[in-house]
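J.: Mind having a look at this structure? Questions to follow.
The values are calculated or read from the model by the stated rules, or taken from the named source; none is laboratory data. All values derive from a computational prediction rather than experimental measurement. A quick note on method: Cβ atoms are made from the backbone with ideal geometry, for glycine too, and the neighbour counts reach across all protein chains shown. Each accessible area value is taken on the protein alone, full model and side chains, heavy atoms only, with ligands, DNA and RNA left out. Shrake-Rupley method; radii C 1.70, N 1.55, O 1.52, S 1.80 Å.
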Amino acid sequence: MLQDKITQYTAEINAFSTANADELEQFRIKFLGTKGIIKDIFDEFKAVSPEEKRSLGKVLNEFKQLAEAKYQTLKEQSEVADTSTDSGLDLTLPGEGFEVGSRHPLALVRREIIEIFNKLGFVVAEGPEIEDDWHNFSALNFPEEHPARDMQDTFFIRKGGENGDIALRTHTSSVQVRMMEAGKPPFRAIMPGRVYRNEAISARAHCFFHQVEGLYVDENVSFADLKQTLFYFVQELYGEGTKVRFRPSYFPFTEPSAEMDISCTICKGDGCQMCKHSGWVEILGCGMVDPNVLDNCNIDSKKYSGFAFGMGIERIANLKFEIKDLRLFSENDARFLKQYKTSLI
Ligand code: PHE
């Protein structure tokens, strides 16, 4: 009888396998527990005849060892698989994802501006941020005593010298001069870049900002071309139906000169803080390239004419994203920057 039980349970133990801690505990209670099968069998063993005891004793001990060994092996295996119990590391949890970065809002706007002008055939031109007097001022028809040349507006690096004063460029018009000096018309380019002006830093002014300027020089370029180009640009950037208007202005390097306003993108012309309740906001300066500038760059002003324009990227971004404080653009606060996620990479 006892021998039969042992044979049956031996088969059961040999067939048993689990990686589950609960099932293994059930196994331990069933066979090795204080009220378990082995305890029962040993109790029964006490009652068998002395001859049977002799033959069964060894079998019984082997059976007990089998159950204990099975339990130990499965326990060790389950501990390797389930490391959470001791190290707190759970290898089955999903990994940490990579957070995708975001583009700086000024970079986003610059790219959008470039893409629009690319469609019109404008290429991108770049130049140095440290400029000499000729490229930043003189070639652009700035009179000797023009206030922009003043220490108050310009960061000078060196006064005097072979090519005149050396300064941080105050506008990217200097790149227009470099381009015209180096090539032959027609020119159709935009010049994005950082520019510097000696201003006290506040919510509305900074000592540096970013511009995109544009230049188109060819035979028979007229103010109508300028208007149509900028009108197209505004429709693309702010949506169809955005109105434009031109106000007479003055720049040494353009004649005639104008400032361009657009109908307020925030209130659609009804009046708000952004447009100071006028319904219009100024976004850029423009004009027909002054013949003196063409001549300064060795371009025949009798044959060629051109238009130029320049805008601040911060201003455009401000109208797009309603960022009221200019300083946010250069503080590198991740909480601010992260808001401008884009699908563009
Ligand atoms: N250079 C001018 C500025 O920095 C902008 C401008 C460019 C105006 C070209 C007219 C033509 O304000």
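J.: For Ala205, state whether it is within 14 Å of the ligand (Cβ to nearest atom), modelled with pLDDT under 95 and either in contact with a strand residue (DSSP E or B) (Cβ under 7 Å, 6 or more places away or on another chain) or not acidic (Asp, Glu) (or both).
T.: Working: within 14 Å of the ligand (Cβ to nearest atom): yes; modelled with pLDDT under 95: yes; either in contact with a strand residue (DSSP E or B) (Cβ under 7 Å, 6 or more places away or on another chain) or not acidic (Asp, Glu) (or both): yes.
When the stated conditions are applied, Ala205 passes them.
J.: Let me ask you something else. Give all pairs with beta carbons closer than 9 Å in which a residue from the range 152-173 that is under 20 Å from Phe253 (Cβ atoms) meets a residue that is part of a loop (DSSP other than H, G, I, E, B) and of a type in the set (A, V, I, L, M); count only pairs at least 6 apart in sequence or on separate chains.
T.: Thr172/Ala125
J.: I'm trying to understand the selection: among the residues of the range 149-168, which are open to solvent by 50 Å² or more (accessible area, probe 1.4 Å) and either under 20 Å from Cys297 (Cβ atoms) or among the aromatic types (Phe, Trp, Tyr) (or both)? Write out each step before concluding.
T.: Step one: filter the range 149-168 for residues open to solvent by 50 Å² or more (accessible area, probe 1.4 Å), giving 150-153, 155, 157-159, 161-163.
Of everything in the range 149-168, those that are open to solvent by 50 Å² or more (accessible area, probe 1.4 Å) and either under 20 Å from Cys297 (Cβ atoms) or among the aromatic types (Phe, Trp, Tyr) (or both) turn out to be Phe155, Glu162, Asn163.
J.: Further question: Can you name the number of the only condition in (1) open to solvent by 20 Å² or more (accessible area, probe 1.4 Å); (2) part of a strand (DSSP E or B) that Ala258 fails?
T.: Checking Ala258 against (1) open to solvent by 20 Å² or more (accessible area, probe 1.4 Å); (2) part of a strand (DSSP E or B), the one that fails is (1).
J.: Please go through the range 199-228 and pick out each residue that is assigned to a helix (DSSP H, G or I) and crowded, with 19+ Cβ neighbours inside 10 Å. I'd like the intermediate steps shown before the answer.
T.: Taking the range 199-228 and keeping what is assigned to a helix (DSSP H, G or I), we get 223-228.
If the condition is that a residue be assigned to a helix (DSSP H, G or I) and crowded, with 19+ Cβ neighbours inside 10 Å, then Leu226 is the only one that fits.
J.: Mind listing whichever residues of the range 186-198 are open to solvent by 30 Å² or more (accessible area, probe 1.4 Å) and out of contact with any Leu (no Cβ under 7 Å at 6 or more places or on another chain)?
T.: Residues of the range 186-198 open to solvent by 30 Å² or more (accessible area, probe 1.4 Å): 186, 188, 194, 196-198.
Across the range 186-198, the qualifying residues are Pro186, Arg188, Arg194, Arg197, Asn198.
J.: Same structure, new question: Among (1) assigned to a helix (DSSP H, G or I); (2) surrounded by fewer than 16 Cβ atoms within 10 Å (Cβ to Cβ); (3) touching a residue at least 60 places away in the same chain (Cβ under 8 Å); (4) not hydroxyl-bearing (Ser, Thr, Tyr), where does Leu108 come up short?
T.: Every condition holds for Leu108 apart from (2).
J.: While we're here: Go through the range 298-321 and report how many residues are in a loop (DSSP other than H, G, I, E, B) and either within 13 Å of the ligand (Cβ to nearest atom) or acidic (Asp, Glu) (or both). Talk me through it step by step, then tell me what you get.
T.: Step one: filter the range 298-321 for residues in a loop (DSSP other than H, G, I, E, B), giving 298-304.
From what is left, the residues that are either within 13 Å of the ligand (Cβ to nearest atom) or acidic (Asp, Glu) (or both) are 300.
Residues in the range 298-321 being in a loop (DSSP other than H, G, I, E, B) and either within 13 Å of the ligand (Cβ to nearest atom) or acidic (Asp, Glu) (or both): 1 in total.
J.: Need pairs with beta-carbon distance below 6 Å; first residue over 29 Å from Phe137 (Cβ atoms) and within the range 253-273, second polar (S, T, N, Q) and at pLDDT 85 or above; sequence gap 6+ or separate chains.
T.: These pairs meet every condition: Ile262/Thr242; Ser263/Thr242; Gly269/Ser263.
J.: Against the condition open to solvent by less than 50 Å² (accessible area, probe 1.4 Å), polar (S, T, N, Q) and within 26 Å of Arg28 (Cα to Cα), how does Ser78 come out, does it pass?
T.: Values: open to solvent by less than 50 Å² (accessible area, probe 1.4 Å): yes; polar (S, T, N, Q): yes; within 26 Å of Arg28 (Cα to Cα): yes.
Spelling it out, Ser78 is indeed open to solvent by less than 50 Å² (accessible area, probe 1.4 Å), polar (S, T, N, Q) and within 26 Å of Arg28 (Cα to Cα).
J.: Could I ask something else about it? Residue under question is Val244, and the condition is that it be within 11 Å of the ligand (Cβ to nearest atom) and either surrounded by 14 or more Cβ atoms within 10 Å (Cβ to Cβ) or of a type outside the set (A, V, I, L, M) (or both); does it hold?
T.: In short, no.
J.: Condition first: out of contact with any Gly (no Cβ under 9 Å at 6 or more places or on another chain) and either surrounded by 13 or more Cβ atoms within 10 Å (Cβ to Cβ) or assigned to a strand (DSSP E or B) (or both). Now tell me which residues in the range 130-148 satisfy that.
T.: From the range 130-148, those out of contact with any Gly (no Cβ under 9 Å at 6 or more places or on another chain) are 130-131, 136, 139-148; that's our starting set.
Selection gives Ile130, Glu131, Asn136, Ala139, Leu140, Asn141, Phe142, His146, Ala148.
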